[in-house]
Structures are given as C-alpha cells and as structure tokens.
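Notes follow once the structure below has been shown.
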Amino acid sequence: MLRFLGKRLLQLIPTMLIISLLIFFVLDLMPGDPVQAYLGVGSEVSPERQDQIREQLGLNDPLPLQYVYWLGRVLRGDLGRTNIYNAEVSDVIFGFIWNSFLLNIFALIFALLIAIPVGIKSAVKKYGLFDNFFTVFSLAGVSMPTFFFALILIFLFARNIDWIPLNGMRTSILAVRGYDNLWHNITDVGRHMLLPVTVLTMTSLATLTRYTRNSVIEVINQDYIRTARSKGLTEKVVIYKHAFRNALLPLITILGMWVPALFGGAILLETVFLWPGIGRVLLNGITSQDLSLVMATLVFYAVLRVAGNLLADISYGLADPRVRVK
Amino acid sequence: MSEAKVDETVNAPRLKPEGPWKIAWKRFKKNKIAVVGGVSFILIVLAVIIVPMIYSFNLWRDVEGVSTGQLIRETINVDLRAHGFELANSEQPPSRENLLGTDRQGRDVMFRLFYGGRISMMVGVLSAFLTVTLGTLVGGVAGYYGGKIDGVLMRFAEIVQSIPFLPMMMVISAAMRWVPSDQTMLVVVFVVGILSWPGLSRVVRGQILSLREQEFMQATEILGISDTSRIVRHLLPNVLAYIIVSATLGMGGAILLEAGLSFLGLGVTPPMPSWGNMIQTARNSTVFQNYPWIWVPPGMMIMFTVISVNLLGEGLRDAFDPKEIR
Amino acid sequence: MREKLDNREPILEVRNVKKYFPVSAGLFKKPFQVKAVDDVSFTMYKGETLGLVGESGCGKSTLGRTIVRLYEPTDGEIIFKGNDISHLSSHKLKYLRQQMQLIFQDPYSSLNPRMNVNSIVGEAMLTHKLVKKGHDYEDKVVEIIEKCGLAAYHVNRYPHQFSGGQRQRIGVARALALNPDFIVADEPVSALDVSVQSQVLNMMNSLKDEFGLSYLFISHDLSVVKHISDRIGVMYLGSLVELSGKDDLYFNPLHPYTKALLAAIPEPDPRKIKKMEAIKGEIPSNINTPSGCKFHTRCPYMKDRCKEEVPEFRELEKDHFVACHFAEEI
C-alpha cells in the first residue's frame, strides 16, 4: 500500500510542474504591464525609472529563466506581493481561504445531513412520490445556474426579512467598529452566511441525494440483503444495519475527494454574495491584472484539485485492492 | 444442402430485421419524460432560430418594390444592431411593443433573449463537438494501440484533468480580452472544449479496450479486415452510443459554463448578447432591484434548456444501455 | 479409414511450437512465463478432422489460435501447405487468411451486434475482392448461409434476433465465405444446448464433404469429439500427450492421462458397470509447470525418471503417438 502511495506521490511532481508551467505561460499572455502594477495605477514615472524597475523585476530575462526564478520563489514560500490588497500574497491567500472554508464546510454538513436520509428513503421507496419529487429536485438543481438561483433568492428576500443580510460576510459598521463579544461576532457572520450556505447546500444536495440513492439501490439489490430479509429481520434492521453501512462506502470515497475542494472558493457564489473568499480574490486579481496574485491563486487551486484526485485514487485503492497491484 | 433444418417457428419470414439503433429508438420513445426533454429541446432550438427572424421581419417597414427573395434574405440576416440604442425608450417594463421590456440601452429584451439564445446554444453545441472530437481521438488511439502510446496519452489526459476548470477558463478568457465582442463566443467554445475532453477520452478508451478483446474483433483480424475498417466499421459504432450521450449531456454543462463565465465578464462580452451576460446586468443594483425583466428571463431560459438537454441525455443513455438503477 | 490414411496429403505441419505469455510479477521482478503451448508437434492431413481435447487451461485454444496466426509462436514452426507461416508479416498474412479460418466458441460475442448477417458474412469477401458490391454480393451470402441451414430471409437480420445455434451457423458461414481449405473450430458447440449440438455437428460434417475442408476441432467434451473426428489428440498443460485414430484412442489408450479421461466419462448404460476413478490431485499451474513429464504429479504409474526427463512424443504403434516413458508397460 505504501508503495502505491509513494508511486502516486511521485507522479504528482511532473504533473504539478507541467501545470505550473502552463499557468506561467498563460499568465504571460495576460494584458497588463507589470511595471505599472508594481508602481500602482496612475503613477507617473520617467521612462528611465520604468526601465530600472523592469530590470529589477527581472522582466528582461528570457521567459524560461523567469519561470525558473518564479518557481524557486514559490517553493520557498515567497508568492510575491499584491497591490490591490497591499500585502504579501501568501498572507492574502491564507487569510481568505478560511472564509471560503466556512461556507463550504457548513454547506457540506447540512447537505450530508439531508442527503443521506433522503437518499435512503428514495431508494427504499423507489419511484414513489418521495423519490420522484427528489428526482425532479435533483434534476432542477443540476440544471440551474447556481448564481442565478442565488440572485433570485436575494431578490425574494430583499424586501421581506430585515435580519437576513443580502451580501458580505459582516455588517460593515460592526466590522469596523468591532464586536461587543464573541457571540455577537458569531451571530453576525452566521446571519450573513444564511443565504450563501442555503444556495451552496442546495447545489450539493442535488448531486448527493442522487448519489446516495443510487448507491443504496445497488446495495439493496445484492443477494446478501435478500438473505437478511429471508432470515426474518425487520425491514428497518435490514436497511440500517446491513444496507446502510455498505452504501456509505462509496459515499466516503467521494467525500475524500471533496475535502481539498472545501478550501477552494465557489467563485460565482462569492461574487454574487460579495463574500470575501478566495474565489473573489481570484476574480479581483484578474480584473485588476494583479499577476502575482492571480498566479498564486491559480497554483493554489491546482494544488487543491490534484490533492483531490490523489485522495480519490487512494480511497479507491483502499476500497479495491486490485487497483494497487498495477 | 445441409441436413440440419432451420427452426421455422422461431423465425417466420415476417419478423423484420431490427438493428440495435432501431431498438434503442423504440426504447427511447417509450420513455415519456425523455421524449418531453427531446421535444422541448427541439422547440427551444427552433424558437432561438425563428424568433429573431420574426423581429427582423417586422422591422421591415418599407415593403414596396422589394422582391420576396430579398425579403427572405433580409429576414435571415438578422441584424443585431437593428434594435435599440433608443435611449429614450430605455428601461421600459414589458409592454405590447416590447414583450419583455427594454434594457438600459433601450434594446428590446425579448429580441436579445432569443438572439442571445442563439449564441449560448451555439456555444453549447460547438463546445460539445470540440470535446467529443478531442476525447474520441485521444481515447480511441490510446485504446486501440495500447502500450506506450496509451500510457503517454492517458498521462496527458490526467494532467489536463488536474487543471482547475473555472479558474483556468477565467484566466485564459481574460488573456484573450482583445478579441472583439462578436468573436468572444469562439473563445468560450475553445476554452470549454480543451478542458472538458479527458472524461470522455477515458470512457472511449475503456470501451475500446473491452471491445478489442471481444471475439468478433478477433474474428475481423482472422478475416484479414484492414485496420481502418476495423476501427471505423466495428469499433466506432459500438462506442458511438457513449459518445452521443456524452455530447448531449456535455452541451448542458457547456451552456452553464458559458453563463458563468459571461456573468463574470469573462465570456461573451457585450454588445453581443448571451444568456450569461444578460444576467450579468444584475450585478448593477439598480437593474437588479428595479428591472428584473432584463435579467430573470435569460436565467429561466438557461434552466429550461439545460433541463431539456439533461432529460434528453439521460433518456438516450437509458435507451442505449438500460440498467436497473435509473 | 485405414485406407484413407495411407494415401494422404499433409496440409498442416506443426513443429515444436511453443507459445509463452509473459506475466508481470511486480515492478522490479522479471516477468513469469505462462507456458500455454509447450513444444507441440503433429501433422494434419487434407480432408481429415483432427479432434483436440483436454481440460481447461491445457492450451488447446491457444494452439488453435497460434496456428491461424492470431498469435505469433514464441518458438517452433507452422508449415501450412508447405509454406512456413510462423513469422509472416501481417501484410503477407492477408493472402493466407483466405485459406485458413477460425470458428469461435461464444455465439454471443463472436458476432458484431451492430452488423446484419449480410455484412457479417460478406464483409471479408469484399475485403478480399471476391465479390463486388451489389446483387452479386448478397446472392453469394445467401448461397452460403443456406448451406449452413439458414434461410434467405435471414440475411438482413441482426445477431440478437437469432438463437445460439443459429448464431453459430452464422459464424460457420462467415468462416466459409472465403472458401478456405482449413478451419480451426474452437469449441464451436460448447455453448449450445445438447440437442442443437448434434445439428451443428452434422452440418459441419456435410460441409466438410461438400467443400473438401480439413478441421482442427477443439473441444473439452470427449463425446462430441468422438462423434466428429477422424483422429484425436489429447493435450495436458500445454503438451500433446497422445495422438491417434479415433477408434484406437478409445479402445487402446496408451497414456495414463487419456486412460483416466476415458474412465471418467459417465456410462449411460446401467448394465455396463464402470468403476469411476477420479484423477488424483489438481491441475498444476501453468506458470510453474512440473519438471520432467508434466503429468507426473498425478500419475498413478509415476517413477523417478518421470520427474526428471521430459518424455518424447513418439510413434509407439502405427499412427499412434504417445508422450510417456513407460507407455509399453502400462
């Protein structure tokens, strides 16, 4: 097993290298003058000074060389400096990912809490009213653009209820002034989380209910369940003791894949809700042409994705030993 | 003449030859929901083609002395700019003249909705086409030739699959900002297509690998059938079902992606309308709060279209390969 | 039968053919060899049906496929009609394909589900330019399938519209389409119901007479082989252990394995009381084959020499070959 793990980890290295290369070269195509970005927009500087800065930033070096320097810096943890936030990029990233994480983790928990019982009930009473309803629900959930759903939700809540805020993570005045106590802090953020988490939960629900349902159906059709039933066990025991455990297994596999994704922001949602997460950081970076920020964020997303794939492979390897023999 | 006789009762002459395609078609027809999906998809396509033409036709006031042929030609060449920029007429709610009202530039929303529909759906179709081409090519070659080629190609697919979807698409689109508005849809098609193919290539490769070992493929080898014939006449038709399903479902995904990208400002850019960038107008709070007729209809259209496409795709999948679990 | 054997013309000569398959054992270990076919030699004559029997894994299917060059032999020669075809390139093989064909075992996977009978049977004819597209094509196809017991109106149907027995007939028709001289039939009736089996076997026999074919008939079922073969070869773990005329084999089996196989056939006549003897032990693995005579681990007559020396496949009596050190004494 360890050998399998080691092999997969080794394969990661060329993958990440190639992806980082790709990112670097794509970003080179992005419009925007790094010198201007460095100095800040609108500053007036003499051409000589501009050339000086160009040299200083290493922009006159050949592209492959720039890549190597950049890679070296990244590996050392120096992700550069961003201008729109006026801070070190690494600070920005690691600061904001927790906001994204907050949304994602709650959405995932709620989605699981709902999806598992719904999935089981749908599977047990296949094609019944309950099942059909959730089938339609899943279909709608998967077909609807999430940001549109978010907009509609905001629109509906805009006039009605005062204590459900429509965007942002905190009430601005309170954020500046400071909170009275921790509880106040938590409730403020909590209220702001209501809408975005709802949308995120619904989206995840659509796929999770379907997945659980199919997984349970597959287990129920197995012969050993029939055996359990013919032994005279009640349906409840059959389902919860036998079927449930085995149906959970593929679910856990999928969840393993999702763990790294928890740190990535849902870019579209964060934009709609003006939520200060890493997704919005990326978008801001792109629109402001802040190259170092964009590069670092992209690499971050790539790492998350690769980690997710690796975890998926590992969980498949754990579940099915034949895979490891390769 | 052989001594062994044919069992007449099993195969009376009136039994008609029924190929697997025909069988699948019959199965599809039985699935009412899938048929609904298919029909509504066709209706949407027709609407998106015809409605802008109706507008173009109505706008033609001076019919005197113009031949029918020219009338038809003018109708088909829908001129995007023919509507709007009558600022006096801007921001009007739905009325008899403008069925869905006008937007901030005075343009008729209904017209833009359906003209934009053309764009969004074309993006969907073309991306699906690109994805299918790339995926089939890579998967097919990998599966058929095996060995080193297979290894290299699959590693390549793995790397592409490790690239974070939306972030990368955003950056590439941003890098291509210099593209004029009416060609931005091609950028979206390109970007969605080149990142979506690994999934299909894996499926195609798997299918070809399992087919290759089937005895009828060995038979073609013994019969001396050429390589090209084997691939085109024997392997491909058996993989086609998967390709069709994947293309259909992929179209839905592409439409959603285009919507998301355009919403962020990184997909199809105005003045060329698309469902995504019409929703983008909602980012302006005035529009969002006061002129919902501008941004809600495109969202609904996306939903209907993607639902139809998904129903159609799932129906096709069930028709080609019926399984217990739906 | 004896008279036929005397003035006979060899059509196929298999000389010391080996077919090994490498199996990887891990990242850093050398791959093992599965010795599917391990030094087999025999000659086949024009117009005969040579039955090849043995249990699963004995290599008969692999041998059959190697002979038609679906695989390339690891060692040894295959001489077909006087030409050494063992290592011909695929380009040169194409001409050969017309003359030797294979009938497959599984009626369900050996036909392309998306092609109708017309295409399945006729495709090869087009490839080898025996016909041109058009009426000529379909007429020829109908001609062949009728000879195989199907009807003309079957020609546009698809495989799933036929029963297993009929599908096998289609498979036979496909093999016949190129008008070959030699056909390897790899367990052609094993997947069929017993009542259908005899129909297909009878069809194959009459086809053989009509077209002057030679069959290499592979099967694990001794009773089937008895029905259709002129001579029979017995294989064990990749090697040929006995080869003789049909009657000779049944009345005078020389190899211990053959004797055991024959003893294991249930006797339907209740008046003939037969002592059923099970063969001791299990079939050894194909990877670590036993040394010397491969059967020595299960042979009741085993002596020391059997463990060390591989027995020679020798003609002990007229047209009766055995691979056993002590065949004379047993």
task = Specify the inter-centroid distance of the range B:215-240 and the range C:44-58, based on alpha-carbon positions, in whole Å.
result = 28
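What average count of beta carbons from other chains do you get within 10 Å of the Cβ of residues in B:258-264? Present the calculation step by step, with values, prior to reporting the outcome.
Working: counts 1, 5, 7, 1, 0, 7, 7.
Going residue by residue through B:258-264 and averaging, the value is 4.
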key: For the range C:186-195, Karplus couplings with θ = phi - 60° (6.51, -1.76, 1.60), whole Hz, Gly/Pro x   = 8, 6, x, 10, 4, 8, 9, 5, 4, 5
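To the nearest 100 Å², how much accessible surface do chains B and C cover up together, summed over both, with a 1.4 Å probe?
Details: alone 19100 and 16770 Å², together 32500 Å².
Summing both sides, the interface buries roughly 3400 Å².
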task = With the full set of protein chains in place, find how many percent of the accessible area of the range B:134-279 is carbon and sulfur; take the probe as 1.4 Å.
result = 68
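For C:Phe104, B:Phe41, B:Phe304, give me the order by solvent-accessible area with a 1.4 Å probe, most accessible first, ignoring ligands, DNA and RNA.
Details: C:Phe104 5, B:Phe41 35, B:Phe304 115 Å².
From most accessible down to least: B:Phe304, B:Phe41, C:Phe104.
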query = Can you give the net charge of the other residues whose Cβ lies under 10 Å from the Cβ of C:Ala327, counting K and R as +1 and D and E as -1?
reply = -3
query = Debye sum, Cα scatterers, the range B:111-162, no solvent: what log₁₀ I/I(0) at q = 0.13, 0.18 1/Å?
reply = -0.47, -0.65
query = If Lys and Arg each add +1 and Asp and Glu each add -1, what is the summed charge of the other residues whose beta carbon sits under 14 Å from the beta carbon of C:Cys293?
reply = -1
task = Using amide H atoms built 1.01 Å from N in the peptide plane, name the residues 5+ places from C:Thr49, or on other chains, whose amide H lies under 5 Å from its own.
result = C:Tyr215, C:Asp230, C:Arg231
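Can you give the local net charge around C:Ser244? Use residues other than it whose beta-carbon is closer than 11 angstrom to its beta-carbon, Lys and Arg +1, Asp and Glu -1.
Values: positive: C:Arg231, C:Lys246, C:Lys318; negative: C:Asp230, C:Glu242, C:Asp247, C:Asp248, C:Glu315, C:Glu317, C:Asp319.
Charge balance in the 11 Å sphere: -4.
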inquiry  = Sorting check: for C:88-100, A:221-233, which peptide has the highest mean count of neighbouring beta carbons within 10 Å, and how do the rest follow?
reply    = C:88-100, A:221-233
message = What does the C-alpha gyration tensor say about the overall shape of the range A:241-293? Classify as rounded when a/c is under 1.5, otherwise prolate if a/b is larger than b/c, or oblate.
response = prolate
key: Inter-part distance where the range B:260-282 and the range B:127-199 are each reduced to a Cα centre, Å   = 22
key: Beta bridge orientation in the protein assembly as shown: antiparallel %, DSSP, nearest 5   = 65
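State the three equivalent ellipsoid semi-axes of the protein assembly as shown, derived from the C-alpha gyration tensor as the square roots of 5 times its eigenvalues, in descending order and whole Å. Walk me through the intermediate numbers first.
Values: eigenvalues 910, 241, 167 Å².
Here the semi-axes work out to 67, 35, 29 Å.
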request  = Using a/c under 1.5 as the rounded threshold, could you call chain A rounded, prolate or oblate? The axes a ≥ b ≥ c are square roots of the C-alpha gyration tensor eigenvalues, and prolate needs a/b larger than b/c, oblate otherwise.
outcome  = oblate
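Between chains B and A, what is the buried accessible area summed over both chains (1.4 Å probe, protein heavy atoms, nearest 100 Å²)?
Details: alone 19100 and 19270 Å², together 34480 Å².
Accessible area lost upon association: around 3900 Å².
How do C:57-65, B:256-264 rank on mean C-beta neighbours within 10 Å, highest first? Spell out each step's value before the answer.
Values: C:57-65: 23.3, B:256-264: 27.3.
Ranked from most to least packed, the peptides come out as B:256-264, C:57-65.
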query = In a GNM of chain C with a 10 Å cut-off on Cα contacts, which of C:Pro256, C:Pro268, C:Pro284 has the highest mean-square fluctuation?
reply = C:Pro268
task = Using the heavy atoms of the protein chains and a 1.4 angstrom probe, tell me the accessible area per residue for the protein assembly as shown in square angstrom.
result = 49
inquiry  = Would the range A:62-199 count as rounded, prolate or oblate if I go by the C-alpha gyration tensor, calling it rounded below 1.5 in a/c and otherwise prolate when a/b exceeds b/c, oblate otherwise?
reply    = oblate
key: Computed helical MRE - 222 nm, the protein assembly as shown, DSSP H runs ≥ 4 contributing -39500 (n - 2.57), nearest 500   = -18500 deg cm²/dmol
task = Would you jot down the residues in the range B:152-173 that end up with at least 30 Å² less accessible area in the complete protein assembly than in the chain alone, with a 1.4 Å probe?
result = B:Arg155, B:Glu158, B:Ile159, B:Gln161, B:Ser162, B:Ile163, B:Pro164, B:Leu166, B:Pro167, B:Met168, B:Met170, B:Val171
remark   = Excluding ligands, DNA and RNA, the carbon-plus-sulfur percentage of the accessible area of the range C:37-194 with a 1.4 Å probe reads 45
task = Report ³J(HN,Hα) in whole Hz for each residue of the range A:193-207, in order, from the Karplus equation J = 6.51 cos²θ - 1.76 cosθ + 1.60 where θ = phi - 60°; Gly and Pro get x.
result = 7, 3, 5, x, 5, 4, 4, 4, 4, 4, 4, 5, 3, 3, 7
task = Return the long-range amide H neighbours of C:Asp38 (sequence gap of 5 or more, or a different chain), with a cut-off of under 5 Å between placed amide H atoms.
result = C:Lys19, C:Ser239
message = Using each residue's phi in the range C:36-52, evaluate 6.51 cos²θ - 1.76 cosθ + 1.60 at θ = phi - 60° and report the 3J(HN,Hα) Karplus result to the nearest Hz, with x for Gly and Pro.
response = 5, 10, 10, 6, 10, 9, 6, 10, 10, 10, 4, x, 9, 10, 9, x, 10
task = Would you please put B:141-150, A:183-192, A:288-297, C:288-297 in order of how densely packed they are, using the mean number of other Cβ atoms within 10 angstrom per residue and starting with the highest?
result = A:288-297, C:288-297, B:141-150, A:183-192
key: Residue-averaged beta-carbon neighbours from other chains (10 angstrom radius) around C:172-185   = 1
query = In terms of modelled amide H atoms, which long-range or inter-chain residues lie less than 5 Å from the amide H of C:Tyr236?
reply = C:Val241
task = List the relative contact order of the range B:172-251 as a percent without decimals, with contacts defined as Cα pairs under 8 Å and 6+ residues apart.
result = 30
request  = Provide a whole-number value for the mean count of partner chain Cβ atoms within 10 Å of the Cβ atoms in peptide A:264-271.
outcome  = 3
ask   = Cα centroids of the range A:67-84 and the range A:235-276: how far apart, whole angstrom?
value = 34
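The values are calculated or read from the model by the stated rules, or taken from the named source; none is laboratory data. Computed from a predicted structure; not experimentally measured. Methodologically, a virtual Cβ is constructed for each residue, glycine included, from the backbone with ideal geometry; neighbour enumeration extends over all protein chains shown. To get the accessible areas, we keep the full protein, side chains included, count just its heavy atoms, and leave off ligands, DNA and RNA. Shrake-Rupley method; radii C 1.70, N 1.55, O 1.52, S 1.80 Å.
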